[in-house]
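K.L.:
Take a look at this one; I'll ask things after.
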Amino acid sequence: MKISDYNYMVIEDDPNVCEGIRRRMNRYTEWNCIGLFTTFTESVEAIQKHHPQLLFLDWAIKGGNSFQILQRIKSESDYHPYVIFFTGYRSDRREIHEEMVNTYKVHRYFAKPIWEKLDTCLSHCLAEAKEHADRNTVNTPLWIETVEKERVKVFPGDLVCIHQSENPRHKILCFSGSLMYEVKANWEYCEKLLKKFGINYFVVNKRESIINLDCIEKIESNLLRLKQNIQVKISKEKLKELEVLL
């Protein structure tokens, strides 16, 4: 399963442009609008709070400019949004184009007016943005707390499987590198975590195991062999479900 919902923000000092972008984005139901922002301060606060996967970003905004916003984003090592940048400045402000392309490496750069360009390539941009979000989300580090009260930094993309512990309130997270951590969690929380980080997963046994589909190395009649020499038993009914997914 992949991320089910993606978030975007529009940062532009012209309310009409903001609404025009939102109207076009309303056609894509998997994208949720965090908001339309016209000032530097509220834009920065919203980005820090929500970390949207997609930014529509104009050069000129009240109280600042997009260089300042992108510099703040660049300083966050774990946040890499897809950026569609646009501006009404052209040859008279060449440094804007140079900075956006060379320093901040925005994904799309449009000169205003933008409507014809958006109508032509918005679907393609959103497909790129989703792929970018999925790729970066799974590589974002996550801090977890073990039952021994130890805080550990892990990478969700390295998760091989989750097993039920002897304690019904605990789960065992198995990662690449033969790393295993016992945490306090229920199955609902585990599935939400996997969805959030865009991990392809499969529930092998409802109250026993969840596996990362990308970690399957071999399938036998009643056994799944995963990375790290992990073996998980599977019923015939579940095996049929798995074969459909694969």
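The values are calculated or read from the model by the stated rules, or taken from the named source; none is laboratory data. Just so it is clear, the structure is predicted and the values come from calculations on it, not from any experiment. Neighbour counts are summed over all protein chains in view; Cβ atoms, including those assigned to glycine, are modelled from backbone coordinates with ideal geometry.
K.L.:
List the strands (runs of 3 or more DSSP E) inside the range 167-246, counting only whole elements, that have at least 1 residues being of a type in the set (Lys, Arg).
P.N.:
Correct list: 170-175, 179-184, 216-219, 223-226, 230-233.
K.L.:
With the checklist (1) modelled with pLDDT of 90 or more; (2) surrounded by 15 or more Cβ atoms within 10 Å (Cβ to Cβ); (3) within 28 Å of Tyr79 (Cα to Cα) in hand, flag the one item His170 doesn't pass.
P.N.:
Result: His170 passes all but (3).
K.L.:
Could you tell me how many of the residues in the range 37-53 are in contact with a helix residue (DSSP H, G or I) (Cβ under 9 Å, 6 or more places away or on another chain) and in a helix (DSSP H, G or I)?
P.N.:
Filtering the range 37-53 down to residues in contact with a helix residue (DSSP H, G or I) (Cβ under 9 Å, 6 or more places away or on another chain) leaves 37-38, 40, 43-44, 47-48, 52-53.
Now drop any that are not in a helix (DSSP H, G or I), which leaves 40, 43-44, 47-48.
Looking only at that region, the number is 5.
K.L.:
Take the residues in the range 185-220 that are of a type in the set (Gly, Ala, Ser) and in contact with a helix residue (DSSP H, G or I) (Cβ under 9 Å, 6 or more places away or on another chain); name whichever of them is modelled with the highest pLDDT.
P.N.:
Restricting to residues being of a type in the set (Gly, Ala, Ser) and in contact with a helix residue (DSSP H, G or I) (Cβ under 9 Å, 6 or more places away or on another chain), the top hit is Ala185.
K.L.:
Residue by residue through the range 118-152, note down the ones that are basic (Lys, Arg) and either over 18 Å from the mean Cα position of the chain (by Cα) or within 14 Å of Asn212 (Cβ to Cβ) (or both).
P.N.:
Scanning the range 118-152 gives Lys149, Arg151.
K.L.:
If you scan the range 59-86, which residues turn out to be touching a Ser or Thr at 6+ places or on another chain (Cβ under 7 Å) and farther than 19 Å from Trp31 by Cβ?
P.N.:
Trp59, Ile61, Lys62, Gly63, Ile69, Asp78
K.L.:
Continuing with this model, one more query. Taking the range 1-48, which residues are under 30 Å from Leu245 (Cβ atoms), in contact with an Asp or Glu (Cβ under 9 Å, 6 or more places away or on another chain) and crowded, with 17+ Cβ neighbours inside 10 Å?
P.N.:
Ile3, Tyr6, Trp31
K.L.:
Okay, moving on. Sort through Ser165, Ser209 and tell me the only one that's touching an Asp or Glu at 6+ places or on another chain (Cβ under 6 Å) and hydroxyl-bearing (Ser, Thr, Tyr). Please lay out each step first, then the result.
P.N.:
Numbers: Ser209 fails: touching an Asp or Glu at 6+ places or on another chain (Cβ under 6 Å).
That would be Ser165, the only listed residue that is touching an Asp or Glu at 6+ places or on another chain (Cβ under 6 Å) and hydroxyl-bearing (Ser, Thr, Tyr).
Rundown of residues vs (1) touching a residue at least 40 places away in the same chain (Cβ under 8 Å); (2) in contact with a Cys (Cβ under 7 Å, 6 or more places away or on another chain); (3) crowded, with 19+ Cβ neighbours inside 10 Å; (4) not polar (S, T, N, Q), yes/no style:
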position	(1), (2), (3), (4)
Tyr181	no, no, no, yes
Trp187	no, no, no, yes
Lys196	yes, no, no, yes
Ser235	no, no, no, no
Leu242	yes, no, no, yes
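K.L.:
What is the number of the single condition among (1) modelled with pLDDT under 95; (2) within 29 Å of Lys130 (Cβ to Cβ) that Glu237 does not meet?
P.N.:
Condition (2) is where Glu237 drops out.
K.L.:
Sticking with this one: I'd like the residue in the range 144-167 that is among the basic types (Lys, Arg) and either without any contact (Cβ under 8 Å) to a residue 12 or more places away in the chain or over 18 Å from Lys196 (Cβ atoms) (or both) and, out of all such residues, is surrounded by the fewest Cβ atoms within 10 Å (Cβ to Cβ).
P.N.:
The extreme case among them is Lys149.
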